[in-house]
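The values are calculated or read from the model by the stated rules, or taken from the named source; none is laboratory data. This one's a predicted model, so the numbers in the text were calculated from it and none came from an experiment. Cβ atoms come from the backbone with ideal geometry, glycine included; neighbour counts cover every protein chain shown. Keep in mind that these areas ignore ligands, DNA and RNA; they rest on the heavy atoms of the full protein, side chains included. Shrake-Rupley method; radii C 1.70, N 1.55, O 1.52, S 1.80 Å.
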Amino acid sequence: MSEQQGTVHGGVELRYRPELRDYSVALRARNRVGVASRRQRILMVAATACLVAATLLSLARGTDVPVALPVALLICFVLLVLSPWLMARQLFRFVRRQGEFRVRVDESGVSVDTDNSSVVVRWQAQPRYVETTDLFVMLSDDKNATALTVIAKRGAQDRSDVDRLREIFDRHLAKA
């Protein structure tokens with residue numbers, strides 16, 4: 001890879017250090033696509049709604065609210081809100097040790113080189129993507145989007161490189 005980032009021979013190169021926020025946002029984006037994540041979120045919302053209803057019924061009847069109800073409600077709420085962040089923290093512990101990311105996106109796929117590893121992801125391996133304000137997140141095509149590749153837009157040299165990335169992704173991947 002050349003030391004100069006930007007557009008190189010039809011591809012785009014980026015350099016950046018990953019941040020916890022990248023993985024929190026990426027996992028939230030994946031959760032909107034994955035079937036299991038949607039199912040888990042629906043069940044958690046339903047459980048929270050049942051706990052709220054049980055608490056309100058106890059209050060309406062004038063009976064004491066069992067301590068377990070508000071505690072369970074708090075736990076459900078915390079899990080619902082913090083789960084993606086907690087997962088991102090766990091993933092980021094590994095990613096942070098990789099150092100600087102040097103990413104090249106071209107017609108053959110995406111190559112990621114770090115201080116400790118190198119990987120090439122062909123378009124067929126992760127054939128769909130999600131774009132967020134700060135990221136491109138490539139996803140595998142299984143129903144839970146098990147595999148993902150996170151590419152931070154801040155690593156691009158300028159805005160035209162981000163537009164070029166979007167063009168390459170649109171040519172090879174389906175938007176999830």
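For every residue, the table says whether it meets (1) in contact with a Pro (Cβ under 7 Å, 6 or more places away or on another chain); (2) closer than 22 Å to Arg21 by Cβ; (3) in a strand (DSSP E or B); (4) touching a residue at least 24 places away in the same chain (Cβ under 8 Å).
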position: Leu91; (1), (2), (3), (4): no, yes, no, yes
position: Arg104; (1), (2), (3), (4): no, no, yes, yes
position: Asn116; (1), (2), (3), (4): no, yes, no, no
position: Val120; (1), (2), (3), (4): no, no, yes, no
position: Gln124; (1), (2), (3), (4): no, no, no, no
position: Phe136; (1), (2), (3), (4): no, yes, yes, yes
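Could you please give the count of residues in region 148-176 that are closer than 23 Å to Leu91 by Cβ and surrounded by fewer than 15 Cβ atoms within 10 Å (Cβ to Cβ)?
Count: 1.
Take the conditions (1) open to solvent by 40 Å² or more (accessible area, probe 1.4 Å); (2) touching a residue at least 60 places away in the same chain (Cβ under 8 Å); Ala145 misses just one of them, which is (1).
Residues that are modelled with pLDDT under 85, open to solvent by 40 Å² or more (accessible area, probe 1.4 Å) and part of a helix (DSSP H, G or I) do occur in region 16-33, at least one of them. For region 29-50, the criterion of being among the hydroxyl-bearing types (Ser, Thr, Tyr) and in contact (Cβ under 8 Å) with a residue 40 or more places away in the chain is met by at least one residue.
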